[in-house]
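Chemist: Sharing a structure below in structure tokens format, with a few things to ask.
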Amino acid sequence: MEARATYRFIPSSPRKMRLVVDLVRGMNAVKAMESLQFQPKHASNDALKVIKSAVSNLINNNEESRIQPEEVFIKEIFVNNGPSMKRVLPAPMGRAYRVRKRMCHLTVIVSTLIKKGQEE
């Protein structure tokens, strides 16, 4: 079983978000949430929120089979570029520098571990 959660238009650059996302790719969901809680990066709060949402989606969508959060792992997690807001910063001699405030989209796909003798 799989479930997906997305968080769009995060006001953080994709490069900074990928540093955090690469740490938890392929991990157990509970272990990934624990490691993100103690990361000093600001992007770890957004990644933690999306992983929690994906795990909740998986548990809520499959009420007939009791899924424990310990059985869930992160199958895919990726960051895409979002739109950039363009701003102008005053520069010397009447010039102006362009400032791009970047955004990103975060997608998490979680799945359950398939035990021997169990088919989907």
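Chemist: Using the structure shown, decide if ARG4 is assigned to a strand (DSSP E or B), in contact with a strand residue (DSSP E or B) (Cβ under 7 Å, 6 or more places away or on another chain) and within 14 Å of ILE109 (Cα to Cα). Break it down into steps so the answer makes sense when it comes.
Modeler: Working: assigned to a strand (DSSP E or B): yes; in contact with a strand residue (DSSP E or B) (Cβ under 7 Å, 6 or more places away or on another chain): yes; within 14 Å of ILE109 (Cα to Cα): yes.
Yes: the conditions hold for ARG4.
Chemist: So is VAL24 of a type in the set (A, V, I, L, M, F, W, C), at negative phi and in contact with a Pro (Cβ under 9 Å, 6 or more places away or on another chain) or not? First the steps, then the outcome.
Modeler: Values: of a type in the set (A, V, I, L, M, F, W, C): yes; at negative phi: yes; in contact with a Pro (Cβ under 9 Å, 6 or more places away or on another chain): no.
No; evaluated as a whole, the condition is false for this residue.
Chemist: Just to be sure before I move on: is SER111 of a type in the set (Ser, Thr, Tyr) and not in a strand (DSSP E or B) in the structure I sent?
Modeler: Details: of a type in the set (Ser, Thr, Tyr): yes; not in a strand (DSSP E or B): no.
Criteria not met by SER111.
Chemist: Modelled with pLDDT under 95, in a loop (DSSP other than H, G, I, E, B), of a type outside the set (S, T, N, Q) and under 14 Å from the mean Cα position of the chain (by Cα), is that true of GLY26? Quick ask: steps written out before the conclusion?
Modeler: On the way: modelled with pLDDT under 95: yes; in a loop (DSSP other than H, G, I, E, B): yes; of a type outside the set (S, T, N, Q): yes; under 14 Å from the mean Cα position of the chain (by Cα): yes.
Yes, satisfied.
Chemist: Within the set of pairs 6 or more residues apart or between chains, which connect a residue that is surrounded by 16 or more Cβ atoms within 10 Å (Cβ to Cβ) inside segment 90-109 to a residue that is among the charged types (D, E, K, R) and at pLDDT below 95 with Cβ atoms less than 8 Å apart?
Modeler: Listed pairs, sorted by first residue: ILE109/GLU2.
Chemist: Identify, by number, the condition in (1) in contact with a Leu (Cβ under 7 Å, 6 or more places away or on another chain); (2) assigned to a strand (DSSP E or B) that ILE74 doesn't meet.
Modeler: (1)
Chemist: Give me a count of the residues in segment 48-82 that are touching a residue at least 60 places away in the same chain (Cβ under 8 Å) and surrounded by 11 or more Cβ atoms within 10 Å (Cβ to Cβ). Outline the logic, then answer.
Modeler: At the first step, the residues of segment 48-82 found to be touching a residue at least 60 places away in the same chain (Cβ under 8 Å) are 61-62, 65, 67, 75, 79-82.
Subsequent filtering for residues that are surrounded by 11 or more Cβ atoms within 10 Å (Cβ to Cβ) retains 61-62, 67, 75, 79-82.
The total comes to 8.
Chemist: So, in segment 29-54, of the ones that are of a type in the set (Lys, Arg) and more than 12 Å from the chain's Cα centre (by Cα), which residue ends up farthest from CYS104 (Cα to Cα)? Give the steps one after another, and end with the answer.
Modeler: Of segment 29-54, the ones of a type in the set (Lys, Arg) are 31, 41, 49, 52.
So of that shortlist, the ones also more than 12 Å from the chain's Cα centre (by Cα) come out as 31, 41.
Working: LYS31: 24, LYS41: 16 Å.
Filtering segment 29-54 for residues that are of a type in the set (Lys, Arg) and more than 12 Å from the chain's Cα centre (by Cα), the one farthest from CYS104 (Cα to Cα) comes out as LYS31.
The values are calculated or read from the model by the stated rules, or taken from the named source; none is laboratory data. Remember, it's a predicted structure, so these values are computed and weren't measured experimentally. Note: ideal-geometry Cβ built from the backbone for every residue, glycine included; neighbour counts use all protein chains shown.
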